[in-house]
Every structure is written in C-alpha cells, then in structure tokens.
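The values are calculated or read from the model by the stated rules, or taken from the named source; none is laboratory data. Every value quoted in this text rests on a predicted model; they were computed, and no experiment measured them. Note that each Cβ is placed from the backbone with ideal geometry, even for glycine, and that neighbours are counted across all protein chains shown. Heads up: the accessible areas ignore ligands, DNA and RNA and are worked out on the full protein's heavy atoms, side chains in. Shrake-Rupley method; radii C 1.70, N 1.55, O 1.52, S 1.80 Å.
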Amino acid sequence: MAEPETTDAGRDFIRDIIQADLDAGRAQSVVTRFPPEPNGYLHIGHAKSICLNFGVAQEFGGQCHLRFDDTNPVKEEQEFIDAIQRDVRWLGFDWGEHLYHASDYFEQLYDWAEHLVRTGHAYVDDTPPEAMRSQRGTLTEPGQNSPFRYRSVEENLDLFRRMRAGEYPNGTCVLRAKIDMASGNMNLRDPVLYRILHATHPRTGDAWCIYPTYDFAHGQSDAIEGITHSVCTLEFEDHKPLYDWLIEHLPVPSRPRQYEFARLNIGFMVLSKRVLTRLVQDKHVTGWDDPRMPTLAGIRRRGVPAAALREFVRRVGVARANSVVDIAQLDATIRDTLNPSAVRRMAVLRPLKLVIENWPEGHTETLEAINHPDDPSAGKRPITFGREIYVEQDDFMEDAPKKFFRLSPGREVRLRYAYFVTCQSAVKDASGRVVELRCTYDPASRGGNSPDGRKVQGTLHWVGASDAVRAEIRLYNPLFGRPDPGANGDVMADLNPASLEVLTGCLIEPALLQAPVGEAVQFERMGYFCADSDGTPDRPVFNRTVGLRDTWAKVSGAKVLGAKVSPDGRG
RNA sequence: UGGGGCGUCGCCAAGCGGUAAGGCAACGGAUUUUGAUUCCGUCAUUCGGAGGUUCGAUCCCUCCCGCCCCAGCCA
C-alpha cells in the first residue's frame, strides 16, 4: 500500500539543535510538550506544533507531553479540554501517561512565587491597571518604578498570602517580578506573575482565587516535567529572557530551553482562535466542526485523513521566517494522500436526464465497475444501466468547441463501464433550457470498448435512473474571499458569501449508501467526498473534501476570458 | 527614534566558505474507459541592496532597505 508519509522526517533547525544537544551530551534524552490553552478547538496551525513536538520525540526516542496551559479560568472550558484530546489522538499522536495541566502545579508554583518574594525578586503591587500601563513606559521610553516596588519582604509575603486567602477583589493588586523597568524588552519591565481572579477553574474549582500568568507558569511547568526542548512560536521570542530569568532565580528541578519557530499561515484561511471563536459565536459557521473551519474537527469532518495533515506539515517544513503557504499545497497533499486508497464511485451532482432511444423500454443490465484503477485488490461492484440514466449537466454543450470531449449533438462518448452513446438531440423546456438528451447507443460497445477499435475522446460518469439514490452534496469553498483576510480591516468583512454551496438534487449510485461517515471516496471526475453525520439512510449527505485537478476547467476558463483558446477550441 | 527576529524561484523550503536540493504552482510531451492518476521534460548564472574580507561568499564583516513581533492583571 502506497504510503505518502515519508519515514525520513526531514530536517529543520529544531531537529538540528536537538541532534547537536544529544551529540554534545547537553541532553541525555528528549522531552517535549504540546501546551494548548483549552479555550477553543485545535486548528491546522496547532497540527504543525503537534507534529513537530510529538514527531521530534518519536524520532529521537524521547517523549512528548500533552499539557493544558490552564492558567486563565475565565476563558477555559471542559468542552475544549475534551476536544483537544480527541483531536490530538485523531491526528495520530499518543501522550501515554503524560497528560498534565499547569493547574497540577498551582501549589508548587505558589511556593516558588513566595520564594521569589523571600529573595526580594518579587513584590505585591497595588497600582491599578491603568496606572500600571502608563508606568510601564512605551516602546521607546523606559518605564517608571512602581511606588510599591520597595515594600519589605515581610510586607510582600503578608500581602501575597492575603491575596491567596481571598481578601481582595479582582484587580486590587498583583505579584510582580522585580527586574528592570527600563529594559528595552517590555517583558522584563516587572512582569505580572500572579493576578486575582475570583473564578471557578474547570479543574481546581474554587480552590484558588489567584492564578499564575503564562510567563510564571510555563517555564516552571516545563522544568517540573523535565522538558528539555520547549518549542513554541515566534511571538514568544521576547519572553525567553523572562523564561530564563525565572528558571535561574528559582530552585527548579531541571533546565529547559525555549526555541521558537514561525507559526503556520495559509492563504484564504484565518488561524486565530480569537477569530475562529467569533465565527462560531456569531454563527457564521455551524460550529467548531463546520467543514469550512480550519479546525482539526472541521477538517476531519470534511473527509481529510489525518495522514494528509501530517504529510502537509512535513512538506511545509519548520523555519523561522514568517510565510503564507499556498492553499493549493494543502489541496495537493490531500489528493496525494487520498488518491492511492480512496475507492471510486459515481455520483452526478447536477443531473441531466439522458434517454437511450434504441434501448428496449423497461430493460436494465448489470455491469461491472472497478473500485480502484490502480489497485485490483479493491475489487469490483455491480452497477445498473438502463434506457434512462443521468449525466452531469456540464457534460453537455449544445454548441461545443472541438476540444469539448463530451456530449453535443452528433458526438459520441463513452459512458464509463457501459456503452458508447451518441447524442441525437436535446430536449428543451419552454424557457429554452436543456432538460433531456436523446441518444442512441452502440450495443457492441458493452463494457466501454468498441470491437472495431473506434475511439471516443470523452468518458463520462453517470448514474442509472432505475436505482439512483437522491442525495444532498455540500460543496465547500474557502471561508474567506481573499488570500489575506483582514488585511484591509475587519476580517469578517472578508468572509466568502459563497463558502458553502448545497446541492440537493444529486443522484448517487446505491453503493454509496454504505460509505462510512468521514471516510473520503472519489466521485469519478468530480473529486473526493465523504458522508456527513447529518445524513440519514433515506437522505444521505456528502461533503466535498477536495476537487480533482481540473485541466479542462483551466482551458475552458481561459477560453471564456478570451486568453488562450480560439473560439473553435483549437488553441 | 527602544528591544527582538526575518529576508534564497510565483508560494513553501534546503543550504552552515568551494561554486543554488526538494515540494506546490506553471508550462511542454507520453500513456490513460476519471480532461484524474502515472510517467518523462522545462522552470533561480543567482540568493533584499551596496560595499568589504577571501584564491573563492547565499554562507563571514559593515552599512542600507523591507517585513514581522513586543507597551494584557491573555496565551
């Protein structure tokens, strides 16, 4: 079985660093972690981080932890905690026993905070938020020391304990590290380590009313778990000096190192939890698993296999340069992954009735169709042919250019696995719309070949009228209408109004009734589709995972634009 | 105008002083009962720019230009 996933993981600067650390003996083993905050669903950007962290651990014989960075109870929910685990597993990774939460370390973190207070490296600041902001200075001007910066260790300890005891309402005061208010790095201007949040935490409930900030929790959590390589995205680069400062001023059990890589960006997509949350809340999509969403749940529902995502991430690579990956790269990877294994079926999205005039009325024949052109082991299936069948509306053109290898009055084509048919005429309704094709067939061409060696230029997919099943098919287009959503202001203004196209009168071959939900099959000549959970036995629903490459669309499109092909289609 | 990063083909991305991998896209052509797949072939004399060091620089140095991140008691 062809496996597009390469065993050679490819090289990048992260793997180079780890290899060098191992070679030089700076590390004996590799321990990484994937640390999502449970405030939303995982998206394809997270897939890059997951594949990197878990992948690296696998390759170097180490381990990767799944750690929930749950330090802000007001944003986090159990639904997200569950969804994240489901999605990481689906992507194909296993954290084994290593499931952790920053909240597991709250007590230890608190003790370390007191340690900082005792060693004079942290103080309780009563400055209100707005005042604190102005005291912080600007990007070009240094900040001012808080008047509370000089409190004694005893007073700070007492105040901090009272914070923990719940004596103060939200916002009254915070615990700050005493570093350097004049630092060019804003993160070093006495960063907040603890804030008061009277909120119920999904895991610790009401045990705490003060919570550590990301900066105070992250590095220390890494140290507790023995993380050797703490890999995160570029925007945390400025936090590294603080990460290191904390590690160096605390009696932590290990010395993790942070490394940053560029986050994933894909054209026509938005990978921002903030925006994705809004899309869900404002009902621009049906939910986190709407197939148009870049979430792992949405992508999965669309029919994309996890292997395709892993391969995509591998192809894209890991580097430090900000970039925007062409969405065609994702589509190509999905096709490459699906092509060798997806079973073939026939479905007509926009049916046009075709009547074979010289076929006996009421007679049907069972023909044989293969399930995969390159894999005989995929087997065959019976399909029913008869006097009336349906073909794709796009496969007929009344006044067609020579290069149109499909149906047109007088032209002969092959109906896949069936017969050669020649279009005799088109029946139109009162408005002039073509509603039916009258054709004749060549009885000698059964199976799709003519004994006289006659060739036809086109082969069409079809569904027999006698056993066609009606279905709904949902076509998905990019959720956003421009490659750089939001570049001109409001992201929501760039939503693509045509991101979802629902086709209700589709006709599919009966074998499709057995298609497992979520598993993509190829509708010949149309693309990859998978059954959706919204479907019922009498009303199946399919999602388009991705279309097939369509050279004809390019050629005909160019013709419409008057660019490449002359009117007769001969270029 | 502070600090930290990044700039290699249309889009990703290797390259780590010895004379530009690969993928996607594009474009030819072959095979094809999917205008699919597969297969062959074309596609950076040049690495943001200008100097410098060197026998030799995409790789080292200097200056310049451009882009990204940072002023949450978010992560």
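Structure notes:
- Segment A:388-527: proportion of alpha-carbon pairs further apart than 18 angstrom, %: 67 percent
- Taken over segment A:13-261, the convex hull of the Cα atoms encloses 128 Å³ per residue.
- Contour minus Cα-Cα distance for A:Asp111 and A:Leu513 (0.36 nm per residue): 138.7 nm
- Extended-chain gain in nm, criterion 0.36 nm per residue less alpha-carbon gap, A:Glu155 and A:Asn265: 34.8 nm
- Remark: chain A carries a charge dipole of roughly 1720 debye about the Cα centre, counting +1 on each Lys and Arg Cβ and -1 on each Asp and Glu Cβ.
- Solvent exposure ordering (accessible area, 1.4 Å, most first) of A:Asp94, A:Asp282, A:Asp87: A:Asp94, A:Asp282, A:Asp87
- Between 0 and 90°, nearest 10: helix A:44-59 axis offset from chain A longest Cα axis: 70 degrees
- Whole-number percent relative contact order across chain A, with pairs defined as alpha carbons under 8 Å at least 6 apart: 12 percent
- Taking the longest Cα principal axis of chain A as reference, the axis of helix A:551-560 is set at about 80 degrees.
- Label-point separation, A:Ala319 to A:Arg162 (7 Å along Cα→Cβ), nm: 5.6 nm
- Angle in degrees between helix A:78-91 and the longest Cα principal axis of chain A, rounded to the nearest 10: 60 degrees
- Over segment A:347-461, the ratio between the Cα radius of gyration and 2.2 N^0.38 Å evaluates to 1.08.
- Per-residue SASA entry for A:Lys75, accessible area with 1.4 Å probe, Å² rounded to 10: 110 Å²
- Gain on full stretching of the segment that runs from A:Ser466 to A:Ser254 - 0.36 nm per residue minus C-alpha separation: 69.2 nm
- Cα-based Rg and Dmax for chain A, where Dmax is the largest Cα-Cα distance (Å): 30.8, 102
- For the residue pairs A:Lys273/A:Lys554; A:Lys48/A:Lys554; A:Lys403/A:Lys428; A:Lys283/A:Lys353, the alpha carbons lie more than 29 Å apart in A:Lys273/A:Lys554; A:Lys48/A:Lys554; A:Lys283/A:Lys353.
- Helix-only arithmetic for chain A: the sum of -39500 (n - 2.57) across DSSP H runs with n ≥ 4, divided by the residue total, places the mean residue ellipticity at 222 nm at -7500 deg cm²/dmol.
- For segment A:213-279, the relative contact order comes to 39 percent (Cα pairs under 8 Å, sequence separation of at least 6).
- Hull volume in cubic angstrom per residue (convex hull over the Cα atoms of segment A:1-153): 210 Å³
- Sequence-ordered 3J(HN,Hα) estimates for segment A:368-382 from the Karplus curve with 6.51, -1.76 and 1.60 and θ = phi - 60° stand at 10, 10, 8, 7, 8, x, 10, 9, x, 5, 6, x, 10, 8, x Hz, glycine and proline given as x.
- Structural descriptor for segment A:13-261: relative contact order 19 percent, calculated from alpha carbon pairs under 8 angstrom and at least 6 residues apart.
- Per the Kirkwood formula applied to alpha carbons, segment A:241-296 shows a radius of gyration over Rh ratio, Rg over Rh, of 1.26.
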